[in-house]
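Encoded as structure tokens, the structure appears first; notes follow it.
Read-outs: derived from the displayed coordinates by stated rules, not from any lab. Treat the numbers as computed from the prediction; the structure is a model and nothing was measured. FYI the Cβ positions are ideal-geometry reconstructions off the backbone, even for glycines, and counts take in every protein chain you see.
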Amino acid sequence: MKFTFVTLFPNLIEPYLKDSILSRAVESNFISYEFYNPRDFTKNKHKKVDDSMIGGGAGMLLFCQPLFDCLDEIKRKDEDAYIIFPLAAAKPFRQNDAKRLANKKNIVFVSGRYEGIDERVIEKYANEVFSIGEYVLTGGELPSLVMADAISRNVQGVLGNEASLDVESYENNLLEAPSFAKPEKFQNLSVIKEYLKGNHSRICDLKFQMSICKTKYYRPNKEKK
Ligand code: SAM
């Protein structure tokens, strides 16, 4: 699968894709990526991409023309490109979205900057819009990376061991139970005794109960589906 990042600041994104799991996924051709810079599509002398808001308001917005031309170009090359806008004012991005979107061939993330993007760009081009949390960031680059990372983990081949996806947080609407690595005792701190007894069905049952407790504690409003 391919990620296309539309951003004024590709250097904020690329280093993350050049290390660790995602770089291996790129080297093995499970994922690829490309950048488009709206500044390359400007038609004004100073390559300006932002302007003041109609109707007043503090700050500047990314205006229509460079983004329209940039996204038209992307669509001309790939009419199935699936365009996502990270926005503070949008529905939350969830694990189910990460799984669902892992089936797309080319996801385009359009990063806003300044006070955001002229709404007409979003109206015309968005297939979906997502917020990554209830706070406001300075730009859409981190949200784009967060979503690309979460989606990539669900692309076949990216994780060495796909079975690890089945017991993770947000599977079955539950948070993951506590986990421990060797040694069994470290600085007088022990692991849960039941984990050491080798009875896998009991361990599984205990983990399930602990998942329920953790979910109730950290997500008291989450309904079990
Ligand atoms: N004025 C906007 C508002 O109040 O909703 C915030 C604009 S923010 C400073 C600039 C850009 O950062 C946004 O266009 C969006 O791309 C990105 N952004 C900021 N917070 C975000 C969040 N929680 N989730 C997704 N994207 C976010």
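When I21, I83 are sorted by how many other C-beta atoms sit within 10 angstrom of their C-beta, beginning with the fewest, the order is I21, I83. Each Cα pair under 8 Å and six or more residues apart adds its separation to the average, and for segment 2-152 the resulting relative contact order is 30 percent. The dipole here belongs to the chain: it is taken about the Cα centre, uses +1 on the Cβ of Lys and Arg and -1 on the Cβ of Asp and Glu, and is about 660 debye.
On the beta carbon distance between E128 and E176, with R0 = 25 Å, the FRET formula returns roughly 0.40. Highest average first, the peptides 108-115, 27-34, 162-169, 5-12 ordered by how many other beta carbon atoms sit within 10 Å of their residues are 108-115, 5-12, 27-34, 162-169.
In this rough spin-label picture, where each label sits 7 Å from Cα along the Cβ direction, the K105-L189 distance is 4.9 nm. Going 7 Å from the Cα of D78 in the Cα-to-Cβ direction, what parts of segment 18-42 have a backbone nitrogen less than 13 Å from that spot? Zone members listed by number: 30-36.
Counted over the chain, the DSSP beta bridges are approximately 20% antiparallel. Remark: spin-label model distance V167-Q95 equals 1.3 nm, labels positioned 7 Å along the Cα→Cβ axis. With respect to the chain, whose longest principal axis is taken over its alpha-carbon atoms, helix 64-77 is tilted by about 70°.
Shape descriptor for segment 167-218: Rg over Rh equals 1.00 (Cα atoms; Rh from the Kirkwood inverse mean 1/r). In the chain, a dipole from Cβ-located charges (positive for Lys and Arg, negative for Asp and Glu) runs towards its positive end, and of G133, L61, A81 it is G133 whose Cα lies farthest in that direction.
A Cα-only calculation for the chain places Rg and Dmax at 21.5, 72 Å.
Counting neighbouring Cβ atoms within 10 Å and putting the fewest first, the residues S152, S52, S131 line up as S52, S131, S152.
Listed cross-link partners K197/K222; K182/K207; K104/K222; K48/K77; K2/K43 are compared with a 22 Å cut-off, the Cα-Cα value being larger for K197/K222; K104/K222; K48/K77; K2/K43.
Remark: segment 173-181, residue by residue, has Karplus-estimated 3J(HN,Hα) of 6, 10, 8, 5, 6, x, 10, 9, 10 Hz, where x stands for each Gly or Pro and the curve is 6.51 cos²θ - 1.76 cosθ + 1.60 at θ = phi - 60°.
Of the peptides 132-145, 205-218, how do they stack up when ordered by the mean number of other Cβ atoms within 10 Å, highest first? Could the numbers behind the result be given before it?
On the way: 132-145: 17.1, 205-218: 14.3.
Result, highest mean first: 132-145, 205-218.
About its Cα centre, how strong a charge dipole does segment 167-218 have in debye, to the nearest 20, once Lys and Arg get +1 and Asp and Glu get -1 at the Cβ?
Details: 8 positive and 6 negative charges, 49 e Å.
Roughly 240 debye, rounded to the nearest 20.
Here the label points at S52 and K222, each 7 Å from Cα along the C-beta direction, are separated by 4.7 nm in the simple model.
Note down the net charge around M147, summing +1 for each Lys or Arg and -1 for each Asp or Glu among other residues with Cβ under 15 Å from its Cβ. Intermediate values should be presented prior to the final figure.
Working: positive: K2, K91, R94, K99, R100, K104, R153; negative: D97, E128, E141, D149.
With Lys, Arg at +1 and Asp, Glu at -1, the net is +3.
Among 84-96, 61-73, how do they line up by average Cβ neighbours within 10 Å per residue, starting with the highest? Please list the in-between numbers first.
On the way: 84-96: 16.7, 61-73: 19.0.
Descending mean neighbour count gives 61-73, 84-96.
One Cα centroid belongs to segment 165-225, the other to segment 109-146; the line between them spans 35 Å.
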